[in-house]
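Enquirer: This is the structure I have questions about; it appears just below.
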Amino acid sequence: MIVAAMLGAGAFALSGCGGSSAAAGPCPKIGVLPDAADYPVQDASGKLLALARLSVSNSACIYDKSQASSTGFSHVDFSIELTVTAVRAEGSLVDDIDVPVVVATVSGDGVLTARDDYEMNVEIDGRTGEKTQRLHIRIPYAGNGFASDHRVLAAFRLDERTVQFNRSRLGR
């Protein structure tokens, strides 16, 4: 899988926000990889049956720097919402689709720090459907500054052919 190869492997540390020294601060950069933001569902002949689009939003970022002096590390907690919106093609009989989603965190120097895979099922009622999933994310980092140079990336898990299809639709 192209996205899987780009993102590597790892696991998210899931956590709630809290702690007496917690305070809001700047969030890491959060977004969707453009070439993997669309998930086309095609039949065996290549006819488009449905198209799903991925978007992401996030809550406030809460920092806990209480252990920085003793361990040298702090962490930031926040949640993201993955939203998959699907549209059924004219004449298609598809009533739901399963979409594979990858979410990864990357440090400021480009090192993959965590990765997790999800499957989301989107029911299509009429011509459209939508599914949202909330994930809680904790990013540990060195020092007592901020983790705003880190990134959180979401993408559909696609093969090379589908990435090329998306690029051609985007005019690239």
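The values are calculated or read from the model by the stated rules, or taken from the named source; none is laboratory data. Nothing here was measured: the structure is a model prediction, and the numbers come from that model. Don't worry about glycine lacking a Cβ; one is built from the backbone with ideal geometry, like all the others, and counts go over all protein chains shown. Note: accessible area is taken over every heavy atom of the protein model, side chains too, but ligands, DNA and RNA are not part of it. Shrake-Rupley method; radii C 1.70, N 1.55, O 1.52, S 1.80 Å.
Enquirer: Read through the list (1) more than 30 Å from A24 (Cα to Cα); (2) surrounded by fewer than 20 Cβ atoms within 10 Å (Cβ to Cβ), then give the number of the only condition that G129 fails.
Expert: Tallying (1) more than 30 Å from A24 (Cα to Cα); (2) surrounded by fewer than 20 Cβ atoms within 10 Å (Cβ to Cβ), G129 fails exactly one: (2).
Enquirer: If you don't mind, another one. Would you pick out the residues in region 146-165 that are of a type outside the set (S, T, N, Q) and either open to solvent by 70 Å² or more (accessible area, probe 1.4 Å) or without any contact (Cβ under 8 Å) to a residue 12 or more places away in the chain (or both)?
Expert: Matches in region 146-165: F146, D149, R151, E160, R161.
Enquirer: Evaluate region 1-22: report whether one residue or more is assigned to a loop (DSSP other than H, G, I, E, B), modelled with pLDDT of 95 or more, surrounded by 13 or more Cβ atoms within 10 Å (Cβ to Cβ) and out of contact with any helix residue (DSSP H, G or I) (no Cβ under 8 Å at 6 or more places or on another chain). Even if it seems obvious, please write down each step before you answer.
Expert: Initially, region 1-22 is screened for residues assigned to a loop (DSSP other than H, G, I, E, B), giving 1, 8-12, 14-22.
Still in the list and also modelled with pLDDT of 95 or more: none.
Checked against the condition, which is being assigned to a loop (DSSP other than H, G, I, E, B), modelled with pLDDT of 95 or more, surrounded by 13 or more Cβ atoms within 10 Å (Cβ to Cβ) and out of contact with any helix residue (DSSP H, G or I) (no Cβ under 8 Å at 6 or more places or on another chain), region 1-22 yields no hits at all.
Enquirer: Right, something else. For region 76-97, give me the residue count where each residue is surrounded by fewer than 16 Cβ atoms within 10 Å (Cβ to Cβ), of a type in the set (D, E, K, R) and in a strand (DSSP E or B).
Expert: The qualifying residues number 2.
Enquirer: If a residue must be touching a Gly at 6+ places or on another chain (Cβ under 9 Å) and either open to solvent by less than 50 Å² (accessible area, probe 1.4 Å) or under 15 Å from D117 (Cβ atoms) (or both), how many such residues does region 132-144 contain?
Expert: Final tally of qualifying residues: 2.
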